[in-house]
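The values are calculated or read from the model by the stated rules, or taken from the named source; none is laboratory data. Because the structure is predicted, anything quoted here is derived from the model rather than measured. Note that each Cβ is placed from the backbone with ideal geometry, even for glycine, and that neighbours are counted across all protein chains shown. Note: accessible area is taken over every heavy atom of the protein model, side chains too, but ligands, DNA and RNA are not part of it. Shrake-Rupley method; radii C 1.70, N 1.55, O 1.52, S 1.80 Å.
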Amino acid sequence: KPTASSANIVSVSMGGDYANQLFYNLKDKKVVLQNNRETWDLGFESGEDGYHLIVNGAKIMAVSKTDATELSAVISDAGVSWKWDVASGNLDSTAFGDWRNDQKVYIVDRGSSLAGGSLGKMKVKILSVDDTKYEIEWAELSSSSSNFATIIKNNACSFTYFSLNSGQTLTIEPPRENWDICFTSYTHYFVVENMPYLVTGVISNRYGVKAFPISNKAFADISYVDYLSSNFDNAINNIGYNWKKYDFDLSLYTVDMAQNFIVETAEGRVYKLHFLDFYDDFGVKGAPKMELQEMVP
């Protein structure tokens, strides 16, 4: 049984252009793996029964399902409508949806580069999935030729990642039990404005980690009793991006010091955390600093 700990001040750096996705372990208080957010496009759900696909929300990737069943029949994205993965991480609300139903070709907008330019569009057809692998066919949108790949499920991780640019399977996330939260940019869809927008914040490991915002108490006053009465759900963006906001008068981000979070890890440890800053000691943004403390009964 863990004993009560004192609060720790910890910080990470995503880079001033938020280039890096940082996978963080709360118990060890360290980044266990990081990657450049531009490197991957698709995540294929691991596990014997896994079939869902996610897109890289850190690039505002979008997907459009066509009526075609042959890759060569799709050469343009004129008039299509786009979908984005939901920010909550609900696998029943992905942009690809349940592709197994009708074997259609999908157009994939690879989103924006770190420099702000377009990464181009591809067409993709998922040919099959079984308990160990996926088979896919893909090409540049205007191309008449095809590429084929077999993607072996990496069962140590929740997803197996793939680059449509290089045709390579990539290791992006650590084994699922090794990390709790990820500092990253991701796509949030604003319904009223009817607009996908790139935000920067924290998402939880969807397998076993739950987070809950709590703003009616000071950080020091939050106890294990608050955890017991918290109403957790499975959304991966419960920590999200709203703990900071942009001050247009000052031209900088300010942190909402009243916003706290309780996080339950897959192994049942419980932490409270809140953010103190979004800048490093040199004034470079994308460097969240937070107060973190484990709570025990």
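Can you name every one of the strands (runs of 3 or more DSSP E) wholly within region 7-48 that holds 1 or more residues which are of a type outside the set (D, E, K, R) and under 18 Å from the mean Cα position of the chain (by Cα)?
20-25, 30-36, 42-45
In region 84-118, what residues are among the acidic types (Asp, Glu) and over 16 Å from the mean Cα position of the chain (by Cα)?
98, 102, 109
Going by the structure shown, is residue 109 closer than 15 Å to residue 55 by Cβ, in contact (Cβ under 8 Å) with a residue 40 or more places away in the chain, among the charged types (D, E, K, R) and open to solvent by 10 Å² or more (accessible area, probe 1.4 Å)?
Judged against the criteria, residue 109 is a match.
Does at least one position in region 256-273 carry a residue that is open to solvent by less than 40 Å² (accessible area, probe 1.4 Å), within 24 Å of residue 218 (Cβ to Cβ) and of a type in the set (Phe, Trp, Tyr)?
yes
With 189, 197 as the choices, which residue is more than 18 Å from residue 91 (Cα to Cα) and either open to solvent by 10 Å² or more (accessible area, probe 1.4 Å) or over 14 Å from the mean Cα position of the chain (by Cα) (or both)?
Only one candidate passes the filter, namely 197.
Is there a residue in region 219-229 that is more than 28 Å from residue 116 (Cα to Cα), β-branched (Val, Ile, Thr), touching a residue at least 60 places away in the same chain (Cβ under 8 Å) and in contact with a strand residue (DSSP E or B) (Cβ under 7 Å, 6 or more places away or on another chain)?
Taking every residue of region 219-229 in turn, at least one turns out to be more than 28 Å from residue 116 (Cα to Cα), β-branched (Val, Ile, Thr), touching a residue at least 60 places away in the same chain (Cβ under 8 Å) and in contact with a strand residue (DSSP E or B) (Cβ under 7 Å, 6 or more places away or on another chain).
If you go through region 163-184 one residue at a time, how many are part of a strand (DSSP E or B) and of a type in the set (S, T, N, Q)?
Qualifying residue count for the region: 2.
Take residue 219 and tell me if it is farther than 20 Å from residue 37 by Cβ, modelled with pLDDT of 95 or more and buried (at least 16 other Cβ atoms within 10 Å of the Cβ).
yes
Look at residue 213 and say whether it is open to solvent by less than 50 Å² (accessible area, probe 1.4 Å) and either closer than 21 Å to residue 297 by Cα or of a type outside the set (A, V, I, L, M, F, W, C) (or both).
So residue 213 fails the test.
Would you mind stating whether residue 15 is under 22 Å from residue 289 (Cα atoms) and either open to solvent by 40 Å² or more (accessible area, probe 1.4 Å) or touching a strand residue (DSSP E or B) at 6+ places or on another chain (Cβ under 8 Å) (or both)?
Taking the combined requirement at face value, the residue satisfies it.
When residues of region 270-297 are filtered for being closer than 23 Å to residue 231 by Cβ and out of contact with any strand residue (DSSP E or B) (no Cβ under 6 Å at 6 or more places or on another chain), how many remain?
Of the residues in that region, 2 qualify.
When you look at residue 233, is it more than 21 Å from the chain's Cα centre (by Cα) and either of a type in the set (Asp, Glu) or closer than 26 Å to residue 18 by Cα (or both), yes or no?
Taking the combined requirement at face value, the residue does not satisfy it.
Do we find that residue 236 is more than 15 Å from residue 89 (Cα to Cα), modelled with pLDDT of 95 or more and β-branched (Val, Ile, Thr) in this structure?
Answer is no for this residue.
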